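A short write-up of the structure that comes next.
The values are calculated or read from the model by the stated rules, or taken from the named source; none is laboratory data. Since the structure is predicted, the reported quantities are computational estimates derived from the model, not experimental observations. Positions of Cβ are generated from backbone atoms using ideal geometry, with glycine treated the same way; all protein chains shown enter the neighbour counts. Heavy atoms of the whole protein, side chains included, go into the accessibility calculation; ligands, DNA and RNA do not. Shrake-Rupley method; radii C 1.70, N 1.55, O 1.52, S 1.80 Å.
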Amino acid sequence: MSFKTLGGDLMNRNKLESQLKLKGIKVKEFIKKLEDYGLTISKSTYYKRMKGECEFDTKEIKAIVHVLGLSAEEMNDIFFEEIVSKKTL
């Protein structure tokens, strides 16, 4: 399932949730890790972004990538899937 993210592109919610599950991180712990990294985000804001009601911004994406230890490919798959697939056509 894809939702809008930075610049109106699509974010793949399932892939982000899969990364959390693979790493055994629950949402509350994830938000705490983001805070430890320097990003303050409430649980309700996080869920709004996950539902596509609001977009993740650049600072949030950078923090998520860092906290989850995502590769550039994984980041693109989650946050920029639509851009990447259009460029490869």
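Cβ-Cβ distance of Lys23 and Glu53, R₀ of 25 Å, FRET efficiency by 1/(1 + (r/R0)^6): the value works out to about 0.50. Applying 0.36 nm per residue to the separation of Lys15 and Lys62 and subtracting their alpha-carbon distance, the gain on full extension is 15.3 nm. The accessible-area ordering, largest first, of the residues Met75, Met11 stands as Met75, Met11, per a 1.4 angstrom probe.
With a cap of 13 neighbouring Cβ atoms within 10 Å, and only residues DSSP puts in a loop, list the GluC sites (Glu not before Pro) found in the stretch 7-82. Here the GluC sites (Glu not before Pro) that fit, given the DSSP loop and packing criteria, are Glu53. Across the cross-link table entries Lys26/Lys59; Lys21/Lys59; Lys28/Lys48; Lys23/Lys48, which are compared at the Cα atoms, the separations over 18 Å belong to Lys26/Lys59; Lys21/Lys59; Lys23/Lys48. Sparse packing (at most 15 other Cβ atoms within 10 Å of the Cβ) combined with a DSSP loop state is found for the following trypsin sites (Lys or Arg not before Pro) in the stretch 11-73: Lys23, Lys26.
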